[in-house]
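Structure record follows, encoded as structure tokens.
The values are calculated or read from the model by the stated rules, or taken from the named source; none is laboratory data. In this text the structure is predicted, and so the values were computed from the model without any measurement. Counting neighbours? That spans all protein chains shown, and the Cβs are built from the backbone with ideal geometry, glycine included. Note: areas computed on protein heavy atoms with side chains; ligands, DNA, RNA excluded. Shrake-Rupley method; radii C 1.70, N 1.55, O 1.52, S 1.80 Å.
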Number of protein chains: 2
Amino acid sequence: MVLPHAAVETPVFMPVGTQATVKAIPQHLLEELGAQIILGNTYHLYLRPGHELIRKLGGLHRFMSWPRAMLTDSGGFQVFSLSDLRKVTEDGVQFRSHLDGSSHFFSPEHSIDVQIALGADILMAFDECTEYPADYARARKSLDLTLRWAQRSKDHFEAHQQERPWPDAFAGQTQSLFGIVQGGMFPDLRREAAERLVEMDFPGYAIGGLSVGEPRALTREIIEATLPLLPADKPRYVMGVGYPEEIVEYAAMGVDMMDCVLPTRAARHGLLFTSEGRLNIKNRRFAEDQGPLDPECRCMVCARYSRAYLRHLFVTQELLGAVLNTLHNLAFYLDTMESVRDAIELGVLPALLARVRVRNTDAAARQL
Amino acid sequence: MVLPHAAVETPVFMPVGTQATVKAIPQHLLEELGAQIILGNTYHLYLRPGHELIRKLGGLHRFMSWPRAMLTDSGGFQVFSLSDLRKVTEDGVQFRSHLDGSSHFFSPEHSIDVQIALGADILMAFDECTEYPADYARARKSLDLTLRWAQRSKDHFEAHQQERPWPDAFAGQTQSLFGIVQGGMFPDLRREAAERLVEMDFPGYAIGGLSVGEPRALTREIIEATLPLLPADKPRYVMGVGYPEEIVEYAAMGVDMMDCVLPTRAARHGLLFTSEGRLNIKNRRFAEDQGPLDPECRCMVCARYSRAYLRHLFVTQELLGAVLNTLHNLAFYLDTMESVRDAIELGVLPALLARVRVRNTDAAARQL
């Protein structure tokens, strides 16, 4: 996937950098970890420091000193999950800031304006993330709104894309706007959404509205039903997933891009992902454990620090605990995805998948 | 200064690593910053994770993966400043933990036992840090206790130093125990303390009981009065100082070692030290400032990030703000001390001092 700021090898996992930072991690360490593309949150950046300020300072890449690729979401998900007193109309969403209660309005046009100002390589259409559970009538209505908003997002983007904060760089390359498939947990609505979006002709497509509380088998079912309806020669992005074993499965199914707060958020709560399964570092059994977090991991944390030390940092609530735990979890996710890319290139993906599945069964057994 | 784990070039500034971490900074970045020796706090490490655990895991160096030199304080200062309900007797101090109110007792012997278990290169004698203000009678009485505790610390150290957690490493080199000069703000008591400690013959000497609330001119006066009474061929360490301009002045006076929480603690509160003076990064005037924190600084933060970005991280309370601010402040302190060492070697220390003084006058004028 060739983007203005960088070429990205897929399938790729995108660390989440909500407020212009992947929490706790300096950008040069993100680069060392091999992060190719990170995600910024439009809702948060619109509130602080404000998209006009970021535009004025040359865009989000320059503001946070991130030279590689970047994607912004539409703000829709956060408007629905974080803000109070939101009111959805055909035109857009009126909502109150989770920070100070101030009143704001996001329409597809405004979301696109904000995203153009932020200047990420990839923008997302403004959508309504259908809640779970939602009955058929509700999912139908929500989807129709999302599809109308997708067309408005696209129209507005095409009319204003030249306003990006890096107009002359990258040999005229511009931002790309992806469409988002909604439709709740109903395969026929997902099919309709995919077909209508493909007709609109986006340069990439996302499957949204997953990881909203539904059982994981259902997540997989919806991805399986929807993915083949999206063109395989364009990037296919599943938003907000998942656990390490899931991202391998989804990548094997043909998903090109995934993002999730799980590795970073779990790290700050002491939940760490390893080749031996998950572990909670605050557990007393690690108090004297001189081994690395993950004996198979080659990250800078596993190379240098013991479980006993990481437990101490967590128990004493030291900032370094959040830094090191996040570094490891991100390394685990990014290395996992790299091994998928290697396996695809070598034609041994089925073997990798089998190994991951056995490992998960073993880990589950150990945790019994 | 040749220590078991490393040779240390003096004068040296020692970052404070209270709980087995210099807050927010991974050890490999501390190494990149050029930190030669860091300080661990006996009181905190005794409470968590406990000195016996650290001994069992091979000592503090190994526990936190810090291969260079390390110094532990005696725990005395924290017992007096952090804990409640402390009761001082000839034997030692009974106190309650600031964490859970549990009752503990530190004697000179126990402090030394804990420090031997931690295994730092340099240990400090257990002292009473005389409060400020203290009248002559009180300072006299406190000093006498500190001197008796110094002898007991030394006797106990000599009897037990072989119990260090790295017995066979470093060609038989052992830990060093430094004495601490107290005596309040009374030069004659400071003189007596220095003479009595020199008679006891320690391999290094510290001036303690400063930066406890006294005016800075008085701090300097006490250092000036005491320093010449300590042998110049042994390390002379002033505890708990100071601002960047002060550490240059003290180094020029002949102080070999200093430590202070100021660069790390101030960083977490957004107070940053630069060649142009201090700045508070939360100030609105930095909101659109694309320049580096300090145009003269060559640190990894100034090379990559703008004041506008650092302000955003601070305002949004992002962990990365604490990380980057701390990196810069430590770099500023360590680079300042390196420039002192270079100036000494080149015989141009007076010129450096003059430059620092002019800079401070200018900075003070700008802040009017």
Counting just the residues of segment A:39-49 that are within 13 Å of chain B (Cβ to nearest Cβ) and of a type in the set (A, V, I, L, M), which one comes out least open to solvent (accessible area, probe 1.4 Å)?
A:L45
Cβ pairs under 8 Å, 6+ apart, first in segment B:50-78 and more than 9 Å from every other protein chain (Cβ to nearest Cβ), second part of a helix (DSSP H, G or I) and open to solvent by 30 Å² or more (accessible area, probe 1.4 Å):
B:H51/B:D113; B:R68/B:E31; B:G75/B:Y46
Only one of B:S176, B:S153 is farther than 21 Å from B:T226 by Cα, of a type in the set (S, T, Y) and surrounded by 22 or more Cβ atoms within 10 Å (Cβ to Cβ), namely B:S153
Among the residues of segment B:50-78, the number that are buried (at least 22 other Cβ atoms within 10 Å of the Cβ) and under 24 Å from B:P263 (Cβ atoms) is 14
Can you name the condition, by its number, that A:P4 falls short on among (1) closer than 16 Å to A:D73 by Cβ; (2) touching a Ser or Thr at 6+ places or on another chain (Cβ under 8 Å)?
(1)
Can you tell me which residues in segment B:136-185 are at negative phi and without any contact (Cβ under 8 Å) to a residue 40 or more places away in the chain?
B:A137, B:K141, B:D144, B:D155, B:E158, B:A159, B:Q162, B:P167, B:D168
Test of understanding: among A:G347, A:G277, A:G291, which residue is more than 17 Å from A:G34 (Cα to Cα), among the small types (G, A, S), at pLDDT below 95 and open to solvent by 10 Å² or more (accessible area, probe 1.4 Å)?
A:G277
It is to be established whether one or more residues within segment A:326-337 are closer than 13 Å to A:R298 by Cα and among the acidic types (D, E).
yes
Is it the case that segment A:186-204 has a residue that's open to solvent by 40 Å² or more (accessible area, probe 1.4 Å), part of a loop (DSSP other than H, G, I, E, B), touching a residue at least 40 places away in the same chain (Cβ under 8 Å) and at negative phi?
yes
Count, please, the residues in segment B:145-185 that happen to be touching a helix residue (DSSP H, G or I) at 6+ places or on another chain (Cβ under 7 Å), part of a helix (DSSP H, G or I) and farther than 14 Å from B:E128 by Cα.
6
Checking A:H5 against (1) within 13 Å of chain B (Cβ to nearest Cβ); (2) part of a loop (DSSP other than H, G, I, E, B), which test does it fail?
(1)
Those residues of segment A:19-38 which are within 9 Å of chain B (Cβ to nearest Cβ) and in contact (Cβ under 8 Å) with a residue 40 or more places away in the chain amount to A:A20, A:T21, A:V22, A:K23, A:A24, A:I25, A:L29
